[in-house]
Amino acid sequence: MPHGVVPPKSPSAPPDPPLPVCLRGAASGTFVAKDGTDSETCGDAAAPCKTIQWATRDLAAQRIFVAGGTLGGETISLRADLVIEGGWERYPRPRANPGPPTWAKDCKGITNATTLVAADLVAEDIGGTAQLIDLTFRPTRRGPGESAIGLRAVGASTRVELTAVTISVAAAPEGSPGASGTTGEAGADDCPSADGAAATLAGPSGADATELGTFSRSGYEARAGTPGADGLAGNAAPPGGDGQCVACVNQCAGTTTCSISSSLRYCGTQAKSGCGGHGGRGGAGGAGGGSTVALLAWDATIVLSGGALKAGDGGAGALGGPGGSGGPGGTGLAGTAAPPVACATQCESVQGACAATQFATGQGGVGTVGGTGSAGGNGGRGAGGSSYAIVQNAGASVEYGPSTLLVHGVGGAGSVPGNAADVFVPP
């Protein structure tokens, strides 16, 4: 650089953008963020937990702040005096004043971050009030035939207040198909004889479900079809074959005179009749479809301010299983053979006396096969599941205004189709 020239200053880092002055900060509480870590020490502003479910393990946690994003989980159990608030943003601290990030929200005209939680909620006899604020819940999909309930609040001591909370429940799954009946057992091999006819009439089919499932404080119990009846047994076989007899005979060739020392007959025994095959087992009834409910209130008090309760379609009732095939008839036991017996034959001939011995064995008769059993009946079909935004029994109180959106789907197909409505009060 030439002598006397002043070098330019290094470019300085741009200044930190100022935080909006309208933000409301979170001073103290338990913090949750999608990039947090569930651990025994998580929960402060600098080291948030990863799931609300984990954060509620600490019974001392009364206010839980949740950053925007999508969080996992299974079931979140609410308790008295617990407040869970979503929609928070984390702002880094200025470089001039390093420290934990600032958690803030609620600027006028600025939409709060969406906090989406893949979990369902339970508030059971909590003995006080729990609050949910600025949250969206989408419970995870259930297994076959299980119902999907977003918030289950039960007990007269339970009060839950929801402010700007959306509970969106996906369609319930179809019920499980009925299991197939098993094949009937084979007939035994020793029965009193009959005509050996196969059974031709299958067992009656099971009845379809004739009414929908029922709600209780525990949830929803779907209505399944009944199992099919077992098939009929085949008839036993006709009588088994007679044993064969063998007599002592002349064994001397070229003789002039012979005398058989014994003319006894030696006979095998008669065979046994095969038993008829057993009927096939009836098929199991198909399970009822699950119901979809955004809010189930049973003797509890619920207060809704804004937000939405959305229920997907009810699950379809499943078909019953087919009946099993009839079992084969028994083959019948063969008759036993008579033990070998020596027949002594004395002969006289021109060459002189001779003696010979014959071994005679009577053969047992052949067994006969019993008739085949008939097939079991098919199982009946289950009822469809229902779709309700709110299910509340007579002892529950659910308060909401026009700012709260209620949405329901359609009932599932089945022997009895499921119902659908915004609000349902069980009889």
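The values are calculated or read from the model by the stated rules, or taken from the named source; none is laboratory data. Only a predicted model underlies this, so the values are computations on that prediction, with no experimental measurement involved. Positions of Cβ are backbone-derived with ideal geometry, glycine not excepted, and every protein chain shown enters the neighbour counts.
What to note about this one:
- One residue stands out among those in segment 268-283 that are of a type outside the set (Ser, Thr, Tyr) and surrounded by fewer than 24 Cβ atoms within 10 Å (Cβ to Cβ): the one that is modelled with the lowest pLDDT, which is 268.
- Qualifying positions in segment 138-179 - of a type in the set (Ser, Thr, Tyr) and either outside any loop (DSSP other than H, G, I, E, B) or under 25 Å from residue 300 (Cβ atoms) (or both): 140, 147, 157, 158, 163, 166, 168
- Considering segment 9-35, the residues that are assigned to a loop (DSSP other than H, G, I, E, B) and within 14 Å of residue 86 (Cβ to Cβ) include one that is modelled with the lowest pLDDT, namely 26.
- Subset of segment 126-148 (residues that are surrounded by 23 or more Cβ atoms within 10 Å (Cβ to Cβ) and at pLDDT 95 or above): 132
- Among residues of segment 359-405, those that are of a type in the set (Val, Ile, Thr) and modelled with pLDDT under 95, counted: 5
- In segment 284-302, residue nearest to the chain's Cα centre (by Cα) [restricted to those that are in a loop (DSSP other than H, G, I, E, B) and hydrophobic (A, V, I, L, M, F, W, C)]: 287
- Within segment 409-424, residues that are at pLDDT 95 or above sit with their Cβ atoms under 6 Å from residues that are of a type in the set (Val, Ile, Thr), at 6+ positions apart or across chains, in these pairs: 420/410; 423/390; 424/391.
- Count of residues meeting criterion [basic (Lys, Arg) and crowded, with 19+ Cβ neighbours inside 10 Å] in segment 27-78: 1
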